[in-house]
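K.L.:
Just dropping this structure here.
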Amino acid sequence: MGFIIRAATLEDCKDISRMILELAEYEKVSDQVKITQRDLEQDGFSKNPFFHGIIAEVPEDLKSKEGHTKVGYALYFYTYSSWKGRAVYMEDLYVMPEFRGKGIGKALMSKVSQLGLAAGCTQLNFTVLDWNKSSLDFYLKQGCWDVTSDLGYHCMRCEGVALEHLAQGDL
Amino acid sequence: MANFILRKAEPKDVSDILRLIKELAKFEEMEDQVILTEKDLLEDGFGDHPFYHCIVAEVPKQEQSVDGHVIIGFAMYYFTYDPWIGKLLYLEDFYVMKEFRGFGIGSEILKKLSQTAVRTRCSSMHFIVAEWNKSSIEFYKRRGASDLSLEEGWRLFKIDKQNLLKMTDEE
C-alpha cells in the first residue's frame, strides 16, 4: 500500500490534534486532553521545540472514509539516561484503525529509531498500558523489553496542587 | 541544618556529577550499567542544545565529605511533552550522599525543581522509582506523587541500540 513517512510541519498540527484525540479515545481517557492545536504549533514548531513529529500520509485516492490523507503519527523527543547518555522517547505512536495491518506503525517506529540513532541515542523508551495486549505484543516482537516488569521501575507523577505545594516547600 | 547551597551545574562539575551518578547506580545495584563518561556529560549538558539540566548541592570546604568532596548532591532533569497536557519536567536522577541526609537537602532540591517546573509552565513532574525502594516511594507519596504504573497501568518499555539498528534495517 502506498504511504509515505515524513517530518511533521506546522500545517500538520490540525491532523495531529485530531489523531491525539482518537488515540486518547482508544485509551479511554479523551477527557484528559487539554492540549489545543495552537499549543502544538507553539510547542512543536518554535525555535526550541519540546517535541518532534512524524506523519504517515497516503495519496488522495487512498484517503480515509472521512477524507483524511494523514493517517498516522509519532511524537518523540530527546531525553537523557544518566547511565547511557542520549536517548529518544516515543511519546505517541498511532495509526487510524482503517489503515492498520499495512506496516505503517512499524515504518513510523523505524523512522523514530533512525532519527534517534542519527542523533547519537543508544535507546528508545516509551510506555504502554498493561491492558493493551495487541500493542504489547507488537513491541515485544520488535525486540523491546518491559522495564516495569523486569526491573520493577514504576512511572511516577507529581502534578497540580501537589506540584504547587512542593514548589512552596509545604509538606 | 547543614550549611549548603543549591546552584546550576557548570562544566567543571561533570567529574562530581559522574561520581554521584555512579553512587546512585550502585545503590540501585546497577553500577555496571553506567557507561556515560565525563566527556559525554560535558558535550551533552553544556553545548548549544543541552540534553539535560543539572543542579548541584554544595557544602563549604570545612564541611566536606569524609573523602573530601564539596558537591554532595544533585538532580538531573529535562523537559518532555505530553500531547494531552503539554510540557512536563522529567526528573532523571535525584541523589544526596548518605552522610548528608536528614538535613533537608533532598527536600530543598525537590522544591527548587518544582519551582522550575511551575515557572516554565510544566503541568507535571514525572520520574521513575524502583518498586522495592520503599523509603523513596514513601518520600514521594508524602509529597503528593502518584504511582502511574499501579494506578493507570503504564509500563515502561525500552529498545536498545542493537534492536534499534535491526528495526531501521528491516525496511
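K.L.:
Under the condition of being open to solvent by 20 Å² or more (accessible area, probe 1.4 Å), of a type outside the set (V, I, T) and touching a helix residue (DSSP H, G or I) at 6+ places or on another chain (Cβ under 9 Å), which residue from segment A:63-80 is nearest to the other protein chains (Cβ to nearest Cβ)? Give the steps one after another, and end with the answer.
P.N.:
Looking only at segment A:63-80, we keep the residues that are open to solvent by 20 Å² or more (accessible area, probe 1.4 Å), and these are A:63, A:65-70, A:78.
With the extra rule that they be of a type outside the set (V, I, T), the set shrinks to A:63, A:65-68, A:70, A:78.
The next check asks that each one be touching a helix residue (DSSP H, G or I) at 6+ places or on another chain (Cβ under 9 Å); those that pass are A:65, A:68, A:70, A:78.
Details: A:K65: 24, A:H68: 18, A:K70: 15, A:Y78: 6 Å.
Checked segment A:63-80; the qualifying residue nearest to the other protein chains (Cβ to nearest Cβ) is A:Y78.
Yes or no, residue by residue, for (1) surrounded by fewer than 16 Cβ atoms within 10 Å (Cβ to Cβ); (2) in contact (Cβ under 8 Å) with a residue 40 or more places away in the chain:
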| residue | (1), (2) |
| --- | --- |
| B:F4 | no, yes |
| B:D13 | no, yes |
| B:I21 | no, yes |
| B:L24 | no, yes |
| B:E29 | yes, no |
| B:V70 | no, no |
| B:D82 | no, yes |
| B:E92 | no, yes |
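K.L.:
Just need a number here: residues in segment B:112-141 that are at the interface with chain A (Cβ under 7 Å from one of its Cβ atoms) and either open to solvent by 20 Å² or more (accessible area, probe 1.4 Å) or aliphatic (A, V, I, L, M) (or both).
P.N.:
12
K.L.:
Being open to solvent by 10 Å² or more (accessible area, probe 1.4 Å) and either more than 10 Å from chain B (Cβ to nearest Cβ) or over 17 Å from the mean Cα position of the chain (by Cα) (or both), is that true of even one residue in segment A:106-113?
P.N.:
Checking segment A:106-113: not a single residue is open to solvent by 10 Å² or more (accessible area, probe 1.4 Å) and either more than 10 Å from chain B (Cβ to nearest Cβ) or over 17 Å from the mean Cα position of the chain (by Cα) (or both).
K.L.:
Within segment B:147-161, is even one residue farther than 19 Å from B:K87 by Cβ, at pLDDT 85 or above and not aliphatic (A, V, I, L, M)?
P.N.:
Checked against the condition, which is being farther than 19 Å from B:K87 by Cβ, at pLDDT 85 or above and not aliphatic (A, V, I, L, M), segment B:147-161 yields at least one hit.
K.L.:
Okay, next question. Among the residues of segment A:3-12, is any out of contact with any strand residue (DSSP E or B) (no Cβ under 9 Å at 6 or more places or on another chain), open to solvent by 20 Å² or more (accessible area, probe 1.4 Å) and facing chain B (nearest Cβ under 9 Å)? It would help to see each step written out before you state the result.
P.N.:
We begin by selecting, within segment A:3-12, every residue out of contact with any strand residue (DSSP E or B) (no Cβ under 9 Å at 6 or more places or on another chain); these are A:10-11.
Checking the rest, the ones that are also open to solvent by 20 Å² or more (accessible area, probe 1.4 Å) come to A:10-11.
Then drop every residue that is not facing chain B (nearest Cβ under 9 Å), which leaves none.
Taking every residue of segment A:3-12 in turn, none turns out to be out of contact with any strand residue (DSSP E or B) (no Cβ under 9 Å at 6 or more places or on another chain), open to solvent by 20 Å² or more (accessible area, probe 1.4 Å) and facing chain B (nearest Cβ under 9 Å).
K.L.:
Sticking with this structure for a sec: Checking A:A24 against (1) open to solvent by less than 20 Å² (accessible area, probe 1.4 Å); (2) closer than 14 Å to B:W84 by Cα; (3) within 8 Å of another protein chain (Cβ to nearest Cβ); (4) touching a residue at least 12 places away in the same chain (Cβ under 8 Å), only one condition comes out false. Which one?
P.N.:
Of (1) open to solvent by less than 20 Å² (accessible area, probe 1.4 Å); (2) closer than 14 Å to B:W84 by Cα; (3) within 8 Å of another protein chain (Cβ to nearest Cβ); (4) touching a residue at least 12 places away in the same chain (Cβ under 8 Å), only one is false for A:A24: (4).
K.L.:
So A:Y139 fits all but one of (1) among the aromatic types (F, W, Y); (2) more than 7 Å from chain B (Cβ to nearest Cβ); (3) not in a strand (DSSP E or B); what number is the exception?
P.N.:
Looking at each condition in turn, A:Y139 falls short on (2).
Results for (1) closer than 23 Å to A:D137 by Cβ; (2) touching a residue at least 12 places away in the same chain (Cβ under 8 Å); (3) not aromatic (F, W, Y), shown as yes or no for each residue.
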{"position": "B:L110", "(1), (2), (3)": "no, yes, yes"}
{"position": "B:T116", "(1), (2), (3)": "no, yes, yes"}
{"position": "B:S136", "(1), (2), (3)": "no, no, yes"}
{"position": "B:G153", "(1), (2), (3)": "yes, no, yes"}
{"position": "B:M167", "(1), (2), (3)": "yes, no, yes"}
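The values are calculated or read from the model by the stated rules, or taken from the named source; none is laboratory data. It should be emphasised that the depicted structure is a prediction, and the values quoted were computed from it without experimental measurement. Glycine also receives a Cβ, built like all others from the backbone with ideal geometry; neighbour counts cover every protein chain displayed. Ligands, DNA and RNA are excluded from the accessible area calculation, which covers all protein heavy atoms including side chains. Shrake-Rupley method; radii C 1.70, N 1.55, O 1.52, S 1.80 Å.
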